[in-house]
Every structure is written in structure tokens, then in C-alpha cells.
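The structure appears right after this line, and notes come after that.
The values are calculated or read from the model by the stated rules, or taken from the named source; none is laboratory data. Remember, predicted model here, so these are calculated numbers, not experimental data. Glycine gets a Cβ as well: all are built from the backbone with ideal geometry, and neighbour counts include every protein chain shown. For accessibility, only protein heavy atoms count, side chains too; no ligands or nucleic acids. Shrake-Rupley method; radii C 1.70, N 1.55, O 1.52, S 1.80 Å.
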Number of protein chains: 4
Amino acid sequence: MDAIFEATIQLLTRPGAENLTTTRVAERAGVSVGTLYQYFPNKQALIYALNARYLEALAERIEATCRAQEGQTAKNMLKALIDTYWQAKTERPEVTRALYRSVADLDNTALIETFAHRVDAATTAMFSSASDTEFANLAEVNLTLVTVIFGTVRNAFERGLDTDAADGLHGQLLLMCEAYLSALANA
Amino acid sequence: MDAIFEATIQLLTRPGAENLTTTRVAERAGVSVGTLYQYFPNKQALIYALNARYLEALAERIEATCRAQEGQTAKNMLKALIDTYWQAKTERPEVTRALYRSVADLDNTALIETFAHRVDAATTAMFSSASDTEFANLAEVNLTLVTVIFGTVRNAFERGLDTDAADGLHGQLLLMCEAYLSALANA
Amino acid sequence: MDAIFEATIQLLTRPGAENLTTTRVAERAGVSVGTLYQYFPNKQALIYALNARYLEALAERIEATCRAQEGQTAKNMLKALIDTYWQAKTERPEVTRALYRSVADLDNTALIETFAHRVDAATTAMFSSASDTEFANLAEVNLTLVTVIFGTVRNAFERGLDTDAADGLHGQLLLMCEAYLSALANA
Amino acid sequence: MDAIFEATIQLLTRPGAENLTTTRVAERAGVSVGTLYQYFPNKQALIYALNARYLEALAERIEATCRAQEGQTAKNMLKALIDTYWQAKTERPEVTRALYRSVADLDNTALIETFAHRVDAATTAMFSSASDTEFANLAEVNLTLVTVIFGTVRNAFERGLDTDAADGLHGQLLLMCEAYLSALANA
DNA sequence: AATGAATGAGGCTTCATTCAT
DNA sequence: TATGAATGAAGCCTCATTCAT
């Protein structure tokens, strides 16, 4: 089953516009189509599971980061959160891009929702433990930070920024989020 | 041709992902497939053109906003930019969502690039005319603002935020961007 | 109408597998499809007419040769007939090949028959006027000669013989036909 | 796969030129289109393979004849070669005709070349073993004979000769070829 | 008489899925 | 449980032909 996932990613990643077919996935995974259909009732389920697995791993990573930052300053938390997410999305950019694309013909609402809940819970817990800050409206602040960070990374991908520009943006994003927190504190 | 675009959007909008067939588009547009193919060499070209048209209109709108803000304060500019983009994306949310999705099996790099260039030019020109601020590194600041704003809106869409949450986020985004500019000024 | 014929030949001749479409023929001929359909009731009629025209010209050429050989020796006649046909088929080989191909989806029986009748009449008349030979069974001999000569040329085309081989074959064909006539005389 | 070939021939044979569609072939062969496409990547490949198979069988037949004539007199060889080819092309005339036609939208150069090489090799070997003749320029003589024989048969088909005329021509062709060999010997 | 946009039947091909082995 | 040949619905696209202007 991991072989199937790997094969799917490889095909999704491949530049050639050769579409992702179940036969091709099975072939590359070294199993028969029949076997593939033993694991996944249909093609959508495969792509769905692939994304679920990816988001699961991503959520875990974020949760780990959040746990590790328990009790730190808000600034440190921010940096850790941004760095983790940025790193996760950037280390295998083609995979990131491929998954972004694969999701198009999928109703991934549930997936996103689950992921969002987990992340929101983790980051909310983290921020509420900040040693130096008390958040008046944590829910809204948290939503804002998470949405801005995740959205910015995605948009950076879409623009196809080169490494320099991406690094610069990474730094500026941190700056901006810090400024946001400062502004909230002074309000 | 406008009828064809409209039909495409309608089908893209309709639930049931894979409804977009050239035959169906033609049918709904009230023309024959042959006619459709007289305007667009193939299906991809149709989707491409649809997105081009959309981004064209969006760019124009942003440019208009930028022109109108010439010489204003940076804060006003920020608000105008965010409001315009938010409004543009929000007024027909299903269309926005549909186009986001439609782009998946398309090489829209060129499209994005053209759009980005136009927007960057317009916002850069706007910010450089700010009556109250001098930007040390306008290019980077501009890229940051644009990427953050656009990315946040997209992510908000993906999360399927309800109106209240969205409105709140909208406000917080403005706040954050303002805080960013203030922080830059005080640096 | 000549422009249309010319355009058809050009498209038929072109290497690209681009198929012969009425629209393309009209375009290249510098007229509208509508006009093309004023001259030819349908596509087949066009191709038919093109072949008719070609065979007409070829028949005329053969008839002229035959008339010119009236009263000559059989050997001279043979040489003149072979040379004329060979020359006619060889001077624009792509055209020859294109027409051979174009005929595939056509019922050209009538065309061939008409052509065959004309040629048979001409060659029969010629051979019967030979100063040095009396043919016991002129009809059969004539059919044999004509079929062999025409068939050989066609087969030479199909094999794609190079110039040297083709020239050699041309000479040998003459030799063979002469030997045939001699053999008949000695029988 | 044989069923598919048979179906193709049947459809090719049927009057009404343009009957050959992949769907129809599959239907008549009693398989699904999908299956057809498992054997042949596309329609052209099917027609190509059909011709390849036909020429393969024809070549084998000619080779067998040539082997059987090893050491015979040249006259006997000639007769055997002509009879074999004539017979092969004549026993199922509609098939012959259909294949001649089918080849029109095909690049069959390679096919013809392979066939020609095989036949040339076989007939050359045969003629060089003739008990009663030494050929000064075997290559040229062989090419001439083969081209003349094959071409004549094809042309006879095109003319749609009735049985009597065809039989007569068959005899005369043999006569002519024999005369050719005699002439060469006396030169 | 000429135009050429519009038509739409129908061809080729793909690919998710099944099921007998 | 694994296989993979077979299926066939359905998509994309072409192109001969028409007809309003």
C-alpha cells in the first residue's frame, strides 16, 4: 500500500501530462490493478487517502512543534510555527505542488476540516500557554495567523518564487506576524 | 463566445465535479460543438481563456484601485487593496472556487506570471506614491503584502469560513498589514 | 476551378499527414468552401474530377504518341509507348503517388475503364499500322503490352526505386517487350 | 487477434468504402473496442499489422516456391514464380483488392521494403541455381522480372479483367518473360 | 454568384472498473 | 488473495456540408 502511494506520487510528480490512471499506478507500484482495487474501492479513494496521509503527517509535525513550544514566548512560537510549515511544504516542492493539484477533482472538505481542527487545537493550546502574552481573542487571532501563514505559503508556491525571493518572503512573513502580535498587545 | 464562457462557468460551478465536457458546454451555450471548436482549438484552451479573462478583469480592477489611491496614505492604500481583492473574490464565491479548481489541469504559469507582473507594477507604483511613507525596500515589501493578501484570501476560501469568521479575518488581515508597515517604519 | 485542382494536388502532395479537407482545399485555392461546393457537389466528386482530368491528359498524351508512330516499326512504337508513359508518370512523381493514393476511397472503375478503352484503341490502331509486323492476335498482344508496361511502372513506384535502378528497369522493360514481339513473330 | 484480423478483412471487403471503424471491427470480431486497443495501439497499427501478416504469408509462399525450384531450368522457375504469385493474388480477389486499397493511408514503405528484400533474396537464389542458364547481371534481371510480374498482376486487378482475359494475360506474361530470358541468353 | 460561420453525426481513443482464473 | 485481460461508457475532436447573408 505504501508502494501504491509512492507510485501515485511519482506519477503525479512526473512532468509529462500523462494522466494518472489506476493501471499506471498499479504497474509502477509493482502490483496488478486488481490488487490496487483491493486496497482502494476506486480511484478517488486512492487520491483521497493519499491526501489524508499527507495531511495527517503534516498535522503531526505541527502538533509536535506546538508541544515543543509550550510555555515559550509568543515570538518563538510564531517562528517555530512558520518555520515548520514552510519547511514541510518546501522540502519536496514537486510533491506539494502535485498534491495541491490532485485535490482538484475531489471533495476534500472533510479532509481540510479535520486538518484545520487538529491544527487549530494545537496552535490554540500553544499560544494560550505563551509565557509573555495573554490573548484577548485567541480564537480569532489564531485563525488569522494560521490562515495567513498557510495561505502565504501556498501563494508563494503558485507564483513560483525563486529561492531568494522565497527566503525573503519567509522572513517578512515572520516580521509581519510579530508586528501583528505586538499591535494586538498594544491595543 | 461570451455564451460559451458563461456556460463553462455554470458547469464548473455546478456540483458534480466532472461535468465539464465540451459537448455539455456547447449545449448549454446554445451552440454546436463545432462552433465551440471554431473559437477554441481544444478544451484546455477554453479553460485557459476563461481564466485569462477572469485574471484580466481582476487585474484591471486592482489597477483601478491603485490609480485611485495615488498619493494617499499607506494605510488607506492597504485598506483599498485588501477590500478590492476581497470583494472581487467574494462577490461570486462559487465562481472563484470553480476557477481555482479549473486551473488544476492547466499550465497556467504564464497566466499567473502576467497577472503577477501587472499587479506588482500597479501596487508598487501606488505604494511608492504614499504621502506618508517612504519604503526602504519597496520591492520586497510589495511582494510580501501582495502574497500575504492573495494567499490569505485563497486559504480562507479553502477553509470554507462562514461569513462572520471571514469578516473577522478580513479585519484582522488589514490590522496585520498595517502593523507590518508600522513595524517597518519604526525599524 | 483550376485553382481548386491545384490546391488539391498541393495538399495531397504535402508530406504532413494533414488530411485533405474541403475547407483546406478551398482556403489554399483562395476561394470559400461555398464556392468549392458550387463546382463540385461533394468531396468525392472533386477527387474524381481530379483523377479524370489527370487520366484525360495522360490519354491524350498516349494518343498523340500513337498517332505520331503510325506506320513505324513495332520496335519504334514500343519504345515510344514505354518512354511516353514512363516520362508521364515520372516527371512529377509526388503527384503520381498522390493520385495513386487519392483513388483509394473512390469507385474509379468507370474512370479506369474509360481510360483503358481510349488507350487500347490508340495503341491497337498504332500497332496494327506497324510497317514490319502483322499481329495474329492483336487484341491479346495489345492488352498484354499495355498491362505489363503500366503495371511495371506502378510497381516501380511502389518499390521506391532510385534513379539508377529505375533507368535500368526502364531499359530492361523495353528489351523484354521487344523480345516478346520477336517471339510472337517467330511462333 | 485472428478474429480481429478476420473482421477487418470482412469490413474492408464489404462494398461501401468507408466502413472500417474500430468500433465496427471490434463488434464484428466479437470483442470490445477496449480489447481491440489492447492488441493494436491505434487503427493504423491494425491495418499495418494486417498487411504485414498478408505480406509475410505471401513471402513465405514465394520462398517455398523458390526453394522447390532449386536447380530446375529457368523456364520452369519462371512458370512456378508467375503461377504462385498469380494464384496467391487471385484466390481471394476481394481480399487482394481490399488490401491494395487499405494501404492508401499508411506509410507502408518499410513493409514493402521488407517484403521486397525477402522476395529478391529468394528469387535471386533460385535463378542463380538454374541448371540451364548463367545470368550475366542477375540483380538487374531479377529486379526486372519481379517488378514486371508483380506489377502486371496488380494492373490486371485494377483493370478488372474477366477470367478469360486474365487467363490469356497470365499465359502471355509467361511467354514474355521467357522471351526476355532467351533474348538475354542470345545477347 | 460568393461567403464562411455554424452544424452535428460519428470517428477514435481512454481508462475506471470487473471478474474468471 | 492476486492477476490482468476484457469491458464499454463516454470524452474529445474532425470535417463534409449547408444556408443565411
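A few notes on this one:
This table checks each residue for (1) within 25 Å of the chain's Cα centre (by Cα); (2) closer than 27 Å to residue A:115 by Cα.
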site	(1), (2)
A:12	yes, yes
A:15	yes, no
A:19	yes, no
A:25	yes, yes
A:32	no, no
A:37	no, yes
A:47	yes, yes
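- Only one entry of C:122, C:98, C:104 meets the criterion of being modelled with pLDDT of 95 or more and either open to solvent by less than 30 Å² (accessible area, probe 1.4 Å) or part of a loop (DSSP other than H, G, I, E, B) (or both), and that entry is C:122.
- Comparison of B:181, B:81, B:169 shows that the only residue that is under 17 Å from the mean Cα position of the chain (by Cα) and buried (at least 18 other Cβ atoms within 10 Å of the Cβ) is B:81.
- Checking each residue in segment A:1-54 for being among the β-branched types (Val, Ile, Thr), within 14 Å of another protein chain (Cβ to nearest Cβ) and either within 21 Å of residue B:106 (Cβ to Cβ) or more than 15 Å from DNA strand F (Cβ to nearest atom) (or both) picks out A:21, A:47.
- Qualifying residue in segment B:54-71 (condition: within 16 Å of DNA strand E (Cβ to nearest atom) and open to solvent by less than 50 Å² (accessible area, probe 1.4 Å)): no
- Residue selected from segment A:13-22 under the condition open to solvent by 80 Å² or more (accessible area, probe 1.4 Å) and of a type outside the set (D, E, K, R), by the criterion farthest from DNA strand E (Cβ to nearest atom): A:15
- Within segment C:139-167, residues that are more than 8 Å from chain D (Cβ to nearest Cβ) have Cβ atoms under 6 Å from residues that are polar (S, T, N, Q) and open to solvent by 30 Å² or more (accessible area, probe 1.4 Å) in these pairs: C:142/C:124, counting only partners at least 6 apart in sequence or on another chain.
- Criterion (assigned by TED's automatic domain parsing to the domain that holds residue D:64 and crowded, with 21+ Cβ neighbours inside 10 Å) met by exactly one of D:161, D:138, D:145, D:174: D:145
- Here B:39, B:48 are screened, and the one residue that is open to solvent by 50 Å² or more (accessible area, probe 1.4 Å), more than 12 Å from DNA strand E (Cβ to nearest atom) and aromatic (Phe, Trp, Tyr) is B:48.
- Where helices (runs of 4 or more DSSP H) fall wholly inside segment C:1-79, the ranges with 2 or more residues that are under 24 Å from residue C:92 (Cα atoms) are C:2-13, C:22-29, C:43-69.
- Test: residue A:133 is among the polar types (S, T, N, Q), in a helix (DSSP H, G or I) and under 24 Å from residue A:64 (Cβ atoms): no
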